[in-house]
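J.: Have a look at this one.
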Amino acid sequence: FFFSTLLSRTTTPRMENLGPNLDPEEAAEALRRAQGKLAAGDLDGAKRFAEKSERMNPTNAAQALLKSLDDLIEFRPGTKWAKAVERILEASDHYAVLGLTPEAVSADPSAPKQKYKRLALEVHPDKNKAGGAEAAFKKLNEAHETLSDSKKRREYDGGGRADE
């Protein structure tokens with residue numbers, strides 16, 4: 001009994017082990033369902049159906065959809081990428097954008113540059129596809145340019161914050 005069960009398991013292939021090009025029509029249906037899930041806002045469901053379609057019959061359309069879904073899932077609201085953008089966009093002044101205080105910048109004039117480098121990696125639009133990344137990067141650049149230059153910083157501290 002044991003050997004017959006083992007033999008039947010090894011000789012009877014399962015559908016997921018057969019590889020690509022199983023059923024192009026079923027793969028196309030899975031891709032349509034993935035697109036429907038995406039339109040309904042169900043990113044995780046869309047990814048499951050897109051992966052199923054890709055396993056059954058690899059196509060450029062399925063691969064493109066999977067790439068788009070990966071980006072949407074990675075950068076959706078609530079992720080670290082989206083939170084970094086949100087924090088910068090909600091900052092009340094240049095110091096808050098960089099997460100510094102005026103005293104910290106006075107004590108260490110290189111602090112704005114150091115913070116800028118770290119934050120730029122998080123919100124640069126080429127790396128961060130979250131909504132608002134471009135605006136956050138522009139705001140970060142403006143804060144860095146202002147606080148890194150002692151003359152601009154003195155001018156900003158003298159009343160520039162009220163204009164923001």
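J.: Could you tell me which residue of segment 68-86 is farthest from the chain's Cα centre (by Cα), considering only residues that are over 17 Å from L98 (Cα atoms) and of a type in the set (D, E)?
T.: D70
J.: Can you work out which of the residues in segment 111-145 that are among the polar types (S, T, N, Q) and at pLDDT 95 or above is farthest from E74 (Cα to Cα)?
T.: Only one residue fits best here, namely Q114.
J.: While we're on this one: Among the residues of segment 94-113, which ones are open to solvent by 20 Å² or more (accessible area, probe 1.4 Å) and closer than 24 Å to G132 by Cβ? Step through it out loud before you land on a result.
T.: First, the residues of segment 94-113 that are open to solvent by 20 Å² or more (accessible area, probe 1.4 Å): 96, 99-104, 106-110, 113.
Passing the criteria: A96, G99, L100, K113.
J.: Take segment 146-164 and flag every residue that is over 14 Å from P109 (Cα atoms) and either of a type in the set (A, V, I, L, M, F, W, C) or at pLDDT 95 or above (or both). Outline the logic, then answer.
T.: Our first condition is that a residue be over 14 Å from P109 (Cα atoms); within segment 146-164, this holds for 155-164.
Within segment 146-164, A162 is the sole residue that qualifies.
J.: List, please: which pairs have Cβ atoms under 6 Å, are six or more places apart or on different chains, and start with a residue in segment 83-112 that is among the small types (G, A, S) and end with one that is not in a helix (DSSP H, G or I)?
T.: If the second residue must be not in a helix (DSSP H, G or I), the pairs left are A111/L100.
J.: I've got another one for you. Since L121 meets every condition but one in (1) farther than 28 Å from D42 by Cα; (2) of a type in the set (A, V, I, L, M, F, W, C); (3) open to solvent by less than 50 Å² (accessible area, probe 1.4 Å), which condition does it not meet?
T.: L121 satisfies all of (1) farther than 28 Å from D42 by Cα; (2) of a type in the set (A, V, I, L, M, F, W, C); (3) open to solvent by less than 50 Å² (accessible area, probe 1.4 Å) except (3).
J.: How many residues does segment 116-138 hold that are of a type in the set (D, E, K, R) and touching a residue at least 24 places away in the same chain (Cβ under 8 Å)?
T.: Summing the residues that are of a type in the set (D, E, K, R) and touching a residue at least 24 places away in the same chain (Cβ under 8 Å) in segment 116-138 gives 2.
J.: Scan segment 66-84 and tell me whether some residue there is acidic (D, E), in a helix (DSSP H, G or I) and surrounded by 15 or more Cβ atoms within 10 Å (Cβ to Cβ).
T.: Among the residues of segment 66-84, not one is acidic (D, E), in a helix (DSSP H, G or I) and surrounded by 15 or more Cβ atoms within 10 Å (Cβ to Cβ), which makes the answer no.
The values are calculated or read from the model by the stated rules, or taken from the named source; none is laboratory data. In this text, all values refer to a predicted model and were calculated from it rather than measured experimentally. Heads up, the Cβs are rebuilt from the backbone with ideal geometry, glycines too, and the neighbour counts pull from every protein chain shown. Remember, those area values only see protein heavy atoms, side chains included, never the ligands or the DNA or RNA. Shrake-Rupley method; radii C 1.70, N 1.55, O 1.52, S 1.80 Å.
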